[in-house]
Amino acid sequence: MWKRMSWAVPVLVVLGAFAWASERNIAPDALTRATQGYNQYEGELGWLSDGIYPDNSAEASAFIWPNKGNLVFQFEAPYTVLGLRLRVGADAGLYQAWAYRDAEYGEDGQTAGANMEVLADAVNNKFAENAWVDLLFERAVETDYIELSTSQGAEFFEVEILGAEQTAVWQVSWANIKMRTGLSAERR
């Protein structure tokens with residue numbers, strides 16, 4: 001029976017890729033900065049997009065703001081973005097995100113720009129602890145700069161920027177499908 005159904009595994013993997021195609025994490029593509037001045041933080045910015053968080057590793061490290069702060073994500077070219085997804089720790093709070101066009105990280109460590117335009121914003125005030133928190137915009141926006149703000153302490157393990165693909169099909173190579181399904185093993 002397996003020989004007759006051997007086509008099913010690659011088809012299921014490709015269908016899974018279709019489902020995931022509309023959203024992918026583009027945070028690793030962004031230049032990430034934390035605001036300066038009064039907003040001191042503990043940890044490394046790289047921890048926010050390393051793919052390691054308490055759900056998948058005991059080695060997860062938190063990026064911590066003792067009181068408040070902003071993160072900015074800047075892209076070289078605009079991306080179509082659906083919103084943000086945060087893996088929050090025990091210090092949960094109120095979060096807000098803004099998508100801009102033509103904004104920049106100013107010399108004073110704050111968002112600036114003479115011609116900047118706010119495209120969308122999203123708020124999450126559920127104060128969820130040790131959970132994934134979504135900040136989804138009302139519609140997908142084409143942005144080159146995103147700002148994430150918390151008005152009190154925060155503990156983040158991961159920040160995902162949900163990018164919408166421009167095509168209906170996310171590219172998956174046959175080699176990746178074979179590797180994921182075990183089809184690359186030699187047949188004897």
Practice item. Return the only residue of Val88, Val14, Val9, Val72 being among the hydrophobic types (A, V, I, L, M, F, W, C), modelled with pLDDT of 85 or more and more than 22 Å from Gly109 (Cβ to Cβ). Key: Val88
Study note, to complete from the structure: Expected single match for surrounded by fewer than 14 Cβ atoms within 10 Å (Cβ to Cβ) and in contact with a strand residue (DSSP E or B) (Cβ under 6 Å, 6 or more places away or on another chain) among Val133, Val123 is Val123
Revision key, fill the gap. Residue hits (segment 136-159; surrounded by fewer than 22 Cβ atoms within 10 Å (Cβ to Cβ) and either hydrophobic (A, V, I, L, M, F, W, C) or outside the structural domain of Ala90 (by TED's automatic domain parsing) (or both)) are Leu136, Phe137, Ala140, Val141
Review point. Just to be sure, is Ser61 modelled with pLDDT of 95 or more, of a type in the set (Ser, Thr, Tyr) and over 22 Å from Gly153 (Cβ atoms)?
Key: no
Revision key, fill the gap. Exception for Gly83 within (1) within 19 Å of Ile161 (Cβ to Cβ); (2) out of contact with any Asp or Glu (no Cβ under 9 Å at 6 or more places or on another chain); (3) touching a residue at least 40 places away in the same chain (Cβ under 8 Å); (4) not hydrophobic (A, V, I, L, M, F, W, C) falls at (2)
Review point. List the pairs whose first member sits in segment 134-160 and is outside any strand (DSSP E or B), whose second member is not small (Gly, Ala, Ser), and whose Cβ atoms are under 6 Å apart, counting only residues at least 6 apart or on separate chains?
Key: Ser151/Lys68; Ser151/Leu94; Gln152/Lys68; Gly153/Trp65; Gly153/Pro66; Gly153/Asn67; Gly153/Asp91
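The values are calculated or read from the model by the stated rules, or taken from the named source; none is laboratory data. Everything quoted here is computed from the prediction, not taken from an experiment. FYI the Cβ positions are ideal-geometry reconstructions off the backbone, even for glycines, and counts take in every protein chain you see.
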